[in-house]
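Report on one structure; see the data block that follows.
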């Protein structure tokens, strides 16, 4: 097994996330696809697969224990993060990956096809224009916008008793203080990543459906 595979296995052990070999292969195939498409599509500033293991795969999977329900939407998915790694590990859940960048959604759609993911729908649309027929149990965002803006833009997508999970770095506490919704700050430890990570769980959004 190469360095990427070894690093992924060690990270999965640290996260206490046992995966079957096919899922591990899919995760490694996914970052290989990102590396292949990156020059033409400018998917991520991270250029090396070895760095993508921690900064993309493990960073995404670290929030898995906090997912709520079975219908999940990843807003501003970009290269498919965190949606695709989570979908690989949770075949029983349905994921919608939404982004307004056509190049990135083309890549994500290709990745979904190549990885044979049956539980992923890719949507090229602006979040404020997206009107699903059914709300989502969990809304995921990663480096998308400030928390007040995220709440304003996504409240119409949330199912009853659904939650918003905003992946943040520093200043998460200050952002939480800016909203009236009920928030919980959850420290996230990503194996091999020293930078501060935090998940803001928002249980009651300000905006009515």
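Here residue 133 fulfils each of the conditions (1) out of contact with any strand residue (DSSP E or B) (no Cβ under 8 Å at 6 or more places or on another chain); (2) within 28 Å of residue 186 (Cα to Cα); (3) free of Cβ contacts under 8 Å to residues at least 60 places away in the same chain apart from (2). Restricting attention to the range 35-45 and to residues that are in contact (Cβ under 8 Å) with a residue 60 or more places away in the chain and not in a loop (DSSP other than H, G, I, E, B), the residue that is surrounded by the most Cβ atoms within 10 Å (Cβ to Cβ) turns out to be 37.
For the range 61-94, the tally of residues that are buried (at least 17 other Cβ atoms within 10 Å of the Cβ), without any contact (Cβ under 8 Å) to a residue 60 or more places away in the chain, outside any loop (DSSP other than H, G, I, E, B) and within 10 Å of the chain's Cα centre (by Cα) stands at 6. Select from the range 1-31 the residues that are part of a helix (DSSP H, G or I) and more than 18 Å from the chain's Cα centre (by Cα) and list them in ascending order. Within the range 1-31, 3, 4, 5, 6, 7, 9, 10, 13, 14, 21, 22, 25 qualify. When you scan the range 108-120, do you find a residue that is under 14 Å from the mean Cα position of the chain (by Cα) and farther than 17 Å from residue 90 by Cα, even just one? Yes, that holds for at least one residue. If you go through the range 136-192 and keep only what is farther than 22 Å from residue 125 by Cβ, part of a loop (DSSP other than H, G, I, E, B) and in contact with a helix residue (DSSP H, G or I) (Cβ under 7 Å, 6 or more places away or on another chain), you end up with 178, 179, 181, 190, 191, 192.
Looking only at residues of the range 196-209 that are assigned to a loop (DSSP other than H, G, I, E, B) and in contact with a helix residue (DSSP H, G or I) (Cβ under 9 Å, 6 or more places away or on another chain), we find that the one that is modelled with the highest pLDDT is 197. Filtering the range 95-105 to residues that are free of Cβ contacts under 8 Å to residues at least 40 places away in the same chain, surrounded by fewer than 24 Cβ atoms within 10 Å (Cβ to Cβ) and out of contact with any strand residue (DSSP E or B) (no Cβ under 6 Å at 6 or more places or on another chain) leaves 100, 101.
The values are calculated or read from the model by the stated rules, or taken from the named source; none is laboratory data. Keep in mind the model is a prediction, meaning the values are calculated, not measured. Using ideal geometry, Cβ is built from the backbone for each residue, glycine included, and neighbour counts are taken over all protein chains shown.
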